[in-house]
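Below is one structure; the comments refer to it alone.
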Amino acid sequence: MIPYGRQDIAAADIAAVVETLQSDWLTQGPAIERFEQAVADYCGTKYAIAVCNATAALHLAGLVAGLGQGDALWTSPNTFVASANCALYCGATVDFVDIDPATYNLSASALEQKLKSAEHEGKLPKIVVPVHFAGQSCDMEAIAALSRRYGFSVIEDAAHAIGASYRKRPIGSCEFSDMAVFSFHPVKIITTGEGGMILTNREDHYEKLKRLRSHGITRDARFMQGDIHGPWYYQQIELGYNYRMTDIQAALGASQMTRLDEFVQRRHELAARYQTLLQDLPLTLPWQHPDTRSSFHLYVIRLQLNKTAKNHRQIFEELRNAGIGVNLHYIPVHLQPYYRQFGFQAGDFPESEKYYGEAISLPLYPGLGEADQDKVASALKNSLT
Ligand SMILES: *Cc1c(COP(=O)(O)O)cnc(C)c1O
């Protein structure tokens, strides 16, 4: 089976991990600082905080943005459940904003409409989480303008989008947001096995994120109350978690960072090749907004079902049976059984539901060979014609 995504581990990555295993630090140590610095420098952001995965990163970002009971977080229904779950961890509620039919990202105009009616009802969100779907940036300038007008914070779920850019600025720069979150799960652009990171330009957010990552404990006298008992002393000043990343993982991440541009470049080459191979089939191929340069985490096609005799599921199953590990990103989150208990139902976010009925993610990763890619294209052709 040709998988839809796969990590790319080089000899230098293995050497970096082995070197850490032979060093004095296994959990948070010098490799964490190196990895955080590398990502912050790449994105042009002041601060980066490595954590154990992006789900934990979203949880901490929500807490630091002040999300709690009585608050609402809005996100896209076309995402992984973690983008929404982080609100529930904080005791807040979740609502969704339908997607743009061309980019499959949270629609800035749908957001504006929804904010207008929420303002009348006194139910404005505290946080909006735009998800850069497949690695293509949302319309961040429009979202940032709405955030100023309606007073919400913006946390970018950039799990797909390290190495991408928006108006020539790297995703993660936080030019149009309070914080941005990356994932280093093996199917994402670079990997640490499991891992995540929060980027921000705000020093107060940075200090709090560092504490919440490690039990709410500080060793910094500036944040302590009362006497400092001695050199062993620390204080827990709030309730935090153990969301640390290990140095073993960070060594892998820092090594992977040196190949980030190469990975994204290769994904672009493969995406351009798909474009040529698939252009005559009854498909909608990924559309790229001119303000964005995607990281191409995913290559999603949409079936033009009025031009095929088969249905979505049949075509999906035929591809799987032909050894193509296609996938589907995403089942609209509001249709998950867990979310239906909050009153969501079919028909609530029609663009995301229509998309779900037509979308298929094709294999795309740096190590995908051209012969395998040809096999994907011909399996698709066979199924569609
Ligand atoms: C992968 C992913 C996450 C969660 O990342 P983990 O590192 O696996 O916790 C969150 N949001 C989106 C959009 C993702 O694709």
Worksheet item: Could the peptides 104-114, 227-237 be put in order, highest first, of the mean number of other beta-carbon atoms found within 10 Å of their residues?
Response: 104-114, 227-237
Response to the item:
Exposure proxy check on HIS132, HIS160, HIS120, HIS312: fewest-to-most Cβ neighbours within 10 Å is HIS120, HIS312, HIS160, HIS132
Practice prompt. Mind checking which lysines have their Cα closer than 16 Å to the Cα of LYS123? Skip sequence neighbours fewer than 8 apart in that chain.
Written response: LYS114
Worksheet, complete the sentence: Ranking ILE99, TYR42, ALA72 by how far each Cα lies towards the positive end of the charge dipole of segment 37-121 (+1 on Lys and Arg Cβ, -1 on Asp and Glu Cβ), the top one is TYR42
Worksheet item: So what's the projected area for segment 249-317, the Cα convex hull averaged over all directions, in nm²?
Response: 7.0 nm²
Worksheet item: Tell me which aspartates and glutamates have Cα within less than 19 Å of LYS188's Cα, excluding those fewer than 8 residues away on the same chain?
Response: ASP8, ASP13, GLU36, GLU156, ASP157, ASP261, GLU262, GLU269
Worksheet entry | At 1.567 mPa s and 4 °C, Stokes D of the chain from Kirkwood alpha-carbon radius, µm² per second | 60 µm²/s
Worksheet item: Given segment 77-233 reduced to its alpha-carbon atoms as identical point scatterers, what log10 I(q)/I(0) does the Debye formula return at q = 0.09, 0.12, 0.14, 0.18 Å⁻¹?
Response: -0.35, -0.59, -0.77, -1.15
Discussion item. Net charge within 15 Å of SER137 by Cβ-Cβ distance, Lys/Arg positive one each and Asp/Glu negative one each, not counting SER137 itself?
Written reply: -3
Item to complete: Tally the DSSP beta bridges in the chain and give the antiparallel ones as a percent, rounded to 5.
Response: 65 percent
Worksheet, complete the sentence: Check: C-alpha center segment 15-94 vs C-alpha center segment 262-296, spacing in Å is 28 Å
Worksheet item: Using only Cα atoms, what is the ratio of the radius of gyration of segment 1-142 to 2.2 N^0.38 Å?
Response: 1.31
Practice prompt. Starting with the fewest neighbours, write out ARG273, ARG148, ARG213, ARG293 ranked by other beta-carbon atoms found within 10 Å of each beta-carbon.
Written response: ARG148, ARG273, ARG293, ARG213
Worksheet item: Distance from the Cα centre of segment 184-226 to that of segment 339-385, in angstrom?
Response: 34 Å
Fill in: Positive-end residue of LEU283, TYR338, GLY367, charge dipole of segment 219-371 with Cβ unit charges
LEU283
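Computed from the coordinates by the stated procedures, all read-outs in this text should not be read as laboratory data. None of these values were measured; they are calculated from a predicted model. No Cβ is skipped: glycine too gets one built from the backbone with ideal geometry, and neighbour counts run over all protein chains shown.
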